[in-house]
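Before any comments, here is the structure.
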Amino acid sequence: MFDRFATLTTPHVADACLRVGIAVRCAPTGLRGLTPGMRIAGRVLPAVHAGSVDVFLEAVSTARPGDVLVADNGGRLDEACIGDLAALDAAAGGVTGIVIWGLHRDSADIAQLGMPLFSLGALPTGPQRLDPRPTGALTAARVGEWTVTNEDAVFGDEDGVLFVPLDRVDEVLETAAGIAATEGRQADLIRGGTSLREQVRFNDYLAARAANPDLTFRDHLRGVGGEIEV
């Protein structure tokens, strides 16, 4: 999955979700990679934090190679729930990335480790609480408005993080690759002097819309084989 995502971006994946009729489940915009260029793609490995790191150790003990640990700390901004040792242990257990609905710490050590990590930011202090572990702490995790399980995949890059049903990943990535190829050709044509307006026959669209106000630009694009979803 990571290799297939290597030449794509999360915008390509988001556009592909729209194309195949899947809900676009993006994490909130504040969730970003620790350092520029970090990328993740893999099956979700969920874990809900309640104040103790043992839930992450337990999750990692069940990981499949290539999984991405999705740590749900409720979006809290008063404590970091994952640091360098938890990240190092996750890497040793075959986890290829971490997404935190909350904060991390030990940024320099994690960056040196090279483990891709996405979070809401960093804070020096770890948890100063120990709450009862919720039922299903290793079954599902929440990120913003979305609840994800190990039946989901997660993708992340410099534009953010989004989730795709695991059983639709092949279809979405194939569609995303087609979108990326078309956009690449369009970009080459723009550099060669053919504007995007010319390529998508924008004047034709304006004339057709004048005759049919219900015509959308997206419908027009699909008729002319263009790609531009925003």
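Over the chain, what is the relative contact order in whole percent, taking alpha-carbon pairs under 8 Å and six or more residues apart?
Numbers: 458 pairs, mean separation 59.1, N = 230.
26 percent.
Please state the shape class of the stretch 2-171: rounded when a/c is under 1.5, otherwise prolate if a/b exceeds b/c and oblate if not, all from the C-alpha gyration tensor. Present the calculation step by step, with values, prior to reporting the outcome.
Numbers: a/c = 1.61, a/b = 1.43, b/c = 1.13.
Prolate is the answer for the stretch 2-171, as a/c is 1.5 or above and a/b outweighs b/c.
Going by amide H atoms built from the backbone, whose H comes under 5 Å of the H on Ala153, apart from near neighbours?
The list, which skips near neighbours in sequence, is Val44, Val164, Leu166.
Is the stretch 103-193 rounded, prolate or oblate when judged by the Cα gyration tensor, a ≥ b ≥ c being the square roots of its eigenvalues, rounded requiring a/c under 1.5 and prolate requiring a/b larger than b/c? Mind dumping the intermediate values first?
Numbers: a/c = 3.48, a/b = 1.68, b/c = 2.07.
Verdict is oblate for the stretch 103-193.
To the nearest 500 deg cm²/dmol, what mean residue ellipticity at 222 nm is calculated for the chain from DSSP H runs of n ≥ 4 alone, each contributing -39,500 (n - 2.57), summed and divided by the residues?
After summing the helix terms and dividing by residue count, I get -10500 deg cm²/dmol.
Could you give the distance between the Cα centres of the stretch 128-192 and the stretch 48-100, to the whole Å?
18
Each value in this text was obtained by applying a stated rule to the coordinates, not by laboratory testing. On a predicted model such as this, the values are computed, not experimentally measured, just so you know.
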